[in-house]
Structure formats: structure tokens, C-alpha cells
1. Could you tell me whether Pro186 is in a helix (DSSP H, G or I), within 16 Å of Tyr92 (Cα to Cα) and of a type outside the set (Lys, Arg)?
2. Going residue by residue through the range 216-232, is there one that turns out to be free of Cβ contacts under 8 Å to residues at least 12 places away in the same chain and farther than 24 Å from Ala93 by Cβ?
3. Checking the structure you have, find out if any residue of the range 64-71 is part of a helix (DSSP H, G or I), of a type outside the set (Ser, Thr, Tyr), open to solvent by 60 Å² or more (accessible area, probe 1.4 Å) and under 30 Å from Gln156 (Cβ atoms).
4. Exactly one of these conditions fails for Ala91: (1) at pLDDT 85 or above; (2) surrounded by fewer than 17 Cβ atoms within 10 Å (Cβ to Cβ); (3) not hydroxyl-bearing (Ser, Thr, Tyr). Give me its number.
5. Check whether at least one residue in the range 132-150 is within 25 Å of Phe94 (Cβ to Cβ), of a type in the set (S, T, N, Q) and either open to solvent by less than 50 Å² (accessible area, probe 1.4 Å) or touching a residue at least 24 places away in the same chain (Cβ under 8 Å) (or both), and report yes or no.
6. Take the conditions touching a residue at least 60 places away in the same chain (Cβ under 8 Å), surrounded by fewer than 17 Cβ atoms within 10 Å (Cβ to Cβ) and within 25 Å of the chain's Cα centre (by Cα) and apply them to Ala77. Does it pass?
7. Quick one: in the range 167-183, which of the residues that are under 32 Å from the mean Cα position of the chain (by Cα) and open to solvent by less than 70 Å² (accessible area, probe 1.4 Å) is nearest to Tyr92 (Cα to Cα)?
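The values are calculated or read from the model by the stated rules, or taken from the named source; none is laboratory data. Small disclaimer: the values here were computed from a predicted structure and weren't measured. No Cβ is skipped: glycine too gets one built from the backbone with ideal geometry, and neighbour counts run over all protein chains shown. Heavy atoms of the whole protein, side chains included, go into the accessibility calculation; ligands, DNA and RNA do not. Shrake-Rupley method; radii C 1.70, N 1.55, O 1.52, S 1.80 Å.
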Amino acid sequence: MTTDVRRRLVVFTCFLVTAVTLVPVVMMLLVAFQSDAESMAAKPSFWPSSWHPENLTRAFDLVPLGKYLLNTVYFAAGTTILETVTAALAAYAFARLNFPGRSWLFGIYLATLMIPSQVTLIPQFVLVAKLHGIDTWPGMILPHAFTAIGVFLLRQFFLGIPRDYEEAARLDGANRWQAFVRVIVPLAVPAIATLAVFKFIGQWNNLLWPLVISNSDATRTASVGLQVFQDTNGTQWNLLLMAATVTTIPLIVLFFLTQRWFVRGITMSGLGGR
């Protein structure tokens, strides 16, 4: 097989996978603009016979979708900020500080990745309930603000940064904290940005924990709001998919705004196979 044929085959495969991936998104957009009768017909037609942009207003009228989106921003941003800060500090300690049991402690910390989140759901709920955190922002955010994957990602990146930079800063009179903030963190911006994007997207789509911990519109996120929408309004597919489209748009915008950091962080960090 020649190089040109191989390249064409790779391009065709990528195009096919992309097309298959986009089919559900396109179907969601088309059904969102259909009429009630058309979206619930026995023989559905995905292309609207007439376009109904007023479905957007109707979806916002049925549930406080704007409030749910704002809550999702609070939840995703709060967990993302705390995760990046705590992961960076812990990763620096595991990468640079020498203390007894460092390797064992890091191994035990990584072992928590093998525990499914569903297993720890009930203990987390009981702990939050005893601390009176049900339906509160601390109860929503804090249990998801510390993860081993973030520490692992940043530690691998920190290990690739030459110690000479820190030693030069220490010779100039900087203490360890100043060396971390002024030397390590600026060099690790691609990895930190990658972690932040991963965390934000994951928490934006998080359904299980907000569904368990939130009991009112004050803390319900968009993913829980879609479930509430279906429970209260039935299967009005056009309005439900219109609401789903609205909740998806911020993620698409976020990806296009951060794709440079996303790709750069993957290629320069441990995820790139370095």
C-alpha cells in the first residue's frame, strides 16, 4: 500500500467517524425546530416540514432553563478552580519534595482511580448529609474538587520540567513557594489548561451527583434540569431537544476557544506518551 493510498484511507476513516459522530447532533438540532405533532408522529421525519424557532422560548417558559445553566456554570467552574489549585499543589509535592513514604502514598492515591464513583456515592452522600450540605453549593462542589487523575497529570508534567529553573530562582533569593508560583506554574500552563478543560466538561455533563444532592431549582444543574423537564412535561421531544441543544452550545463554544491549549497540553504532558 503506497503512502498516498494510506493517507487517503486515513482521511476517509476520519471523515466517516466524524460523520457518524455528528449524526445524533444534527438529528437533535432538526427535531428541536419541529412542531409538537411532527416530533411525536408515529413515523417521525427528522427534517422539519416547517421551522419553529419559538420552541426556544417555549422551552425556557416550561422550566427555569436559564437558572439551570447558571447553576451549571457555578458548579463546573467551582469544581474546576478547586481541582486545578489542589492538584497543582499536590502534584508539586509528589514531583519535587522528598518525604518518607512519598512513593507509597502516591501509589495509594492512584489506586483510588480503580474505585468506581458509584461505589463511593452513598458514603459521600451520608457524609454530606451529616454535615448539612444537602442542596447547598459546598455540598455540591467540595466532594468533586479533589481527584487523583488531576494530580497524576500535573505530576507527570512537573517531572519533565528541569530542576535548573527552580535552582536558578532559589539562587536569586526565591523561596520554594515563589519558585512554584513564578517558575513552575507558568511553565505548566498547557497542562493546567488541559486539566481545567477536562474537568469543566466532565462536571458540566455530570448528572449523578447533582441529581442526588440537589433538591430545588436553587442548585439544580442543566443535566438534572433536562430530567426534570421530561418528568414534568412528558415526552415533548421538540422542546426537550431544544433544551438539550441550549445546554450543549456552551461546551461547543468552550472547545473552540480552548482547543489550542487542549491539543498543546495533550502533546506536551503525560497524556501525549512522553
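1. Values: in a helix (DSSP H, G or I): yes; within 16 Å of Tyr92 (Cα to Cα): yes; of a type outside the set (Lys, Arg): yes.
Yes, satisfied.
2. As a first pass, look at the range 216-232 and keep what is free of Cβ contacts under 8 Å to residues at least 12 places away in the same chain: 230-231.
Filter again for farther than 24 Å from Ala93 by Cβ, leaving 230-231.
Within the range 216-232, one or more residues are free of Cβ contacts under 8 Å to residues at least 12 places away in the same chain and farther than 24 Å from Ala93 by Cβ.
3. Taking the range 64-71 as the starting set, the residues that turn out to be part of a helix (DSSP H, G or I) are 65-71.
Checking which are of a type outside the set (Ser, Thr, Tyr) leaves us with 65-67, 69-71.
Filter once more, keeping what is open to solvent by 60 Å² or more (accessible area, probe 1.4 Å): 67, 70.
When the remaining residues are screened for being under 30 Å from Gln156 (Cβ atoms), the result is none.
Taking every residue of the range 64-71 in turn, none turns out to be part of a helix (DSSP H, G or I), of a type outside the set (Ser, Thr, Tyr), open to solvent by 60 Å² or more (accessible area, probe 1.4 Å) and under 30 Å from Gln156 (Cβ atoms).
4. The failed condition is (2).
5. Narrowing the range 132-150 to residues within 25 Å of Phe94 (Cβ to Cβ): 141-150.
Narrowing the set further to residues that are of a type in the set (S, T, N, Q) leaves 147.
From what's left, either open to solvent by less than 50 Å² (accessible area, probe 1.4 Å) or touching a residue at least 24 places away in the same chain (Cβ under 8 Å) (or both): 147.
Yes, the range 132-150 has at least one match.
6. On the way: touching a residue at least 60 places away in the same chain (Cβ under 8 Å): yes; surrounded by fewer than 17 Cβ atoms within 10 Å (Cβ to Cβ): yes; within 25 Å of the chain's Cα centre (by Cα): yes.
Answer is yes for this residue.
7. Start the filter on the range 167-183 by keeping residues that are under 32 Å from the mean Cα position of the chain (by Cα), which leaves 176-183.
Retained after the next criterion (residues that are open to solvent by less than 70 Å² (accessible area, probe 1.4 Å)): 178-181, 183.
Numbers: Gln178: 13, Ala179: 11, Phe180: 8, Val181: 11, Val183: 12 Å.
In this case the residue turns out to be Phe180.
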